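Here is the structure we will look at.
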Amino acid sequence: MTLHHTPRRRSRAAALVLALITGSAALLVPGGAARADEVVVGVEGTATEHAAGYPATSEPWRTLTQSTFVTDDLRRQWTGTINLAGPVPPGSKIDIAWHLGRQQPNGCEVLLSVGEPSSPVAADGAFTITRTYVDDDFAQPFTCMAALVFTDDVLTDWLTGSFSPNTRTSGVQAAPAGGRFLVAAGRSTPAIVMVTSHTLGSKGATVSVAGRRVDVPGVETGAIAADRARPVVVRVKAKREGRSEVALSARDGRDSGAFDARYDVVAKTIEAQRPMPGRYESADGDVRLVVTPRFKVKALSVDGVRCNDDGQEYGVRLSKELRVPRTGATARVIRVPDQVFGTGYYGVQLLTTSPRRVAGTFAVATYGCTGSTRFVADLQR
């Protein structure tokens with residue numbers, strides 16, 4: 001199979017180190033007081049108080065109104081923001097630095113400092129930066145912070161603030177690829193469900209579905225990496241035509257129901273039939289496939305799958321074939337090996353809605369992209 005997506009870009013930190021005092025590194029882990037589905041992953045701080053003698057100027061673009069700083073030890077990222085009181089004049093230079101420290105009786109003891117020189121501030125005076133780190137410098141018990149702004153190489157403002165734990169909800173989430181289920185009424189239709197393990201990895205989860213007019217047997221997943229997803233095939237049987245809802249849940253050892261949700265099931269009266277052989281294409285040209293005389297789908301090509309995490313678009317051409325049974329409905333999960341980032345997955349659902357039309361869902365769950373798209377492809381000959 002041929003991939004043609006743009007890799008996620010990870011910028012290098014342009015660090016402006018002002019002070020560094022080495023402290024004992026300690027990864028933050030869930031404490032006894034934390035909820036069972038909440039995990040402490042770092043710290044988050046807000047600075048709004050001006051240090052004594054600051055701001056050193058009355059010019060709005062040289063002064064700060066607020067700054068935040070957030071660390072995430074699981075994702076190995078930090079994010080800093082500032083807000084200036086006014087826009088930066090053209091040609092002026094601004095540098096930003098953050099001090100992270102531990103509160104002492106006589107002030108904030110600086111443990112680590114990071115910065116961004118020549119920062120491109122927006123017209124409204126706002127600036128946000130996210131950087132990835134590889135060492136354990138950020139895994140320290142920070143309790144206080146300071147944000148500094150240098151304008152034309154002069155320190156003109158200094159804000160102070162405090163840190164609190166940065167928590168993220170953990171648990172396993174199940175959701176239909178494409179946002180809803182499209183099935184044939186009165187019979188079992190295979191469909192794709194995306195199962196995501198938020199914050200922490202999972203050794204495996206059980207997906208359950210409950211609905212008054214819909215029967216769906218539960219399914220088991222294999223291991224899921226932290227903040228990654230994998231598709232699974234479920235079989236959805238709607239008793240009659242119409243729209244209904246199902247409650248979708250996934251459980252593993254955490255037993256967290258934080259991500260349980262209800263989703264639409266659209267059941268239509270569709271004759272059990274195979275699509276006519278030939279070349280199929282969606283109206284926008286993003287999806288193309290060929291149905292052979294032996295009712296195998298080959299050369300499935302999908303463009304424009306938008307990744308949920310960074311908004312990039314993903315495209316793929318599958319080398320594997322999918323056989324369409326007499327029911328006209330099929331779904332399959334395809335492994336995508338990656339020697340660097342581990343296994344990824346594609347999920348494909350196809351439903352023959354007429355002899356000349358195929359409706360489908362394509363899902364991506366790889367290191368660089370998680371997303372799905374629904375499509376309708378018509379016979380072109």
Q | Search result, residues across the range 172-200 that are modelled with pLDDT under 95, in contact with a Lys or Arg (Cβ under 6 Å, 6 or more places away or on another chain) and of a type outside the set (Gly, Ala, Ser) | A | Thr199
Q. Which pairs have Cβ atoms under 6 Å, sit 6 or more apart or on different chains, and link a residue in the range 54-79 that is farther than 21 Å from Tyr367 by Cα and touching a residue at least 40 places away in the same chain (Cβ under 8 Å) to one that is among the charged types (D, E, K, R) and open to solvent by less than 10 Å² (accessible area, probe 1.4 Å)?
A. Tyr54/Asp157; Pro55/Asp157; Thr63/Asp157; Leu64/Asp157
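Among Val290, Val358, which is the only one that is more than 30 Å from Ala223 (Cα to Cα), free of Cβ contacts under 8 Å to residues at least 24 places away in the same chain and in contact with a Leu (Cβ under 9 Å, 6 or more places away or on another chain)? First the steps, then the outcome.
Working: Val358 fails: free of Cβ contacts under 8 Å to residues at least 24 places away in the same chain.
Answer to the selection: Val290.
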Q) In the range 209-224, which residues are open to solvent by less than 50 Å² (accessible area, probe 1.4 Å) and under 22 Å from Phe362 (Cα atoms)? A) Val209, Val216, Val219, Thr221, Gly222, Ile224
Q.
Suppose the filter is in a strand (DSSP E or B) and either closer than 30 Å to Glu49 by Cβ or open to solvent by less than 10 Å² (accessible area, probe 1.4 Å) (or both); does Leu111 pass it?
A. yes
Q) Taking Trp78, is it modelled with pLDDT of 90 or more, in contact with a Gly (Cβ under 9 Å, 6 or more places away or on another chain), closer than 27 Å to His198 by Cβ and open to solvent by less than 50 Å² (accessible area, probe 1.4 Å)? A) yes
Q: Could you tell me which residue of the range 83-108 is most open to solvent (accessible area, probe 1.4 Å), considering only residues that are more than 14 Å from Val149 (Cα to Cα) and touching a residue at least 24 places away in the same chain (Cβ under 8 Å)?
A: Gln103
Q. Exactly one of (1) surrounded by 19 or more Cβ atoms within 10 Å (Cβ to Cβ); (2) on the phi > 0 side of the Ramachandran plot is unmet by Gly186. Its number?
A. (1)
Q) Among the residues of the range 243-278 satisfying the criterion of being of a type outside the set (Gly, Ala, Ser) and under 21 Å from the mean Cα position of the chain (by Cα), which is farthest from Arg187 (Cα to Cα)? A) Arg254
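Residue by residue through the range 126-158, note down the ones that are closer than 25 Å to Glu109 by Cβ and either in a loop (DSSP other than H, G, I, E, B) or among the basic types (Lys, Arg) (or both).
We begin by selecting, within the range 126-158, every residue closer than 25 Å to Glu109 by Cβ; these are 129, 131, 133-150, 155-158.
Answer for the range 126-158, where residues must be closer than 25 Å to Glu109 by Cβ and either in a loop (DSSP other than H, G, I, E, B) or among the basic types (Lys, Arg) (or both): Arg131, Tyr133, Val134, Asp135, Asp136, Asp137, Phe138, Ala139, Gln140, Pro141, Phe142, Thr143.
From the residues in the range 156-178 that are among the hydroxyl-bearing types (Ser, Thr, Tyr) and open to solvent by less than 20 Å² (accessible area, probe 1.4 Å), which one is farthest from Tyr54 (Cα to Cα)?
First, the residues of the range 156-178 that are among the hydroxyl-bearing types (Ser, Thr, Tyr): 156, 160, 162, 164, 167, 169-170.
So of that shortlist, the ones also open to solvent by less than 20 Å² (accessible area, probe 1.4 Å) come out as 156, 170.
On the way: Thr156: 7, Ser170: 41 Å.
Of everything passing the filter in the range 156-178, Ser170 is farthest from Tyr54 (Cα to Cα).
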Q.
Among the residues that make up the range 336-358, is at least one of them modelled with pLDDT under 95, in contact with a Phe, Trp or Tyr (Cβ under 6 Å, 6 or more places away or on another chain), open to solvent by 30 Å² or more (accessible area, probe 1.4 Å) and under 27 Å from Ala229 (Cβ atoms)?
A. yes
(Q) Within the range 114-140, take every residue that is over 27 Å from the mean Cα position of the chain (by Cα) and over 14 Å from Asp95 (Cα atoms) and give me the one that is surrounded by the most Cβ atoms within 10 Å (Cβ to Cβ). (A) Asp124
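Going through the range 236-274 one residue at a time, which ones are polar (S, T, N, Q) and either part of a strand (DSSP E or B) or open to solvent by 50 Å² or more (accessible area, probe 1.4 Å) (or both)?
Keep residues of the range 236-274 that are polar (S, T, N, Q), which gives 244, 249, 256, 269, 273.
Selection gives Ser244, Ser249, Thr269.
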**Q.** Filtered residue count, the range 359-381, keeping only those that are within 21 Å of Val236 (Cβ to Cβ), within 17 Å of the chain's Cα centre (by Cα) and open to solvent by 20 Å² or more (accessible area, probe 1.4 Å)
**A.** 2
Q: Can you run down the residue pairs with Cβ atoms below 8 Å, 6 or more apart or on separate chains, where the first is in the range 216-232 and among the polar types (S, T, N, Q) and the partner is modelled with pLDDT of 90 or more and surrounded by fewer than 17 Cβ atoms within 10 Å (Cβ to Cβ)?
A: Thr221/Gly204; Thr221/Thr206
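The values are calculated or read from the model by the stated rules, or taken from the named source; none is laboratory data. Since we're looking at a predicted model, the values are computed, not measured. Positions of Cβ are generated from backbone atoms using ideal geometry, with glycine treated the same way; all protein chains shown enter the neighbour counts. Remember, those area values only see protein heavy atoms, side chains included, never the ligands or the DNA or RNA. Shrake-Rupley method; radii C 1.70, N 1.55, O 1.52, S 1.80 Å.
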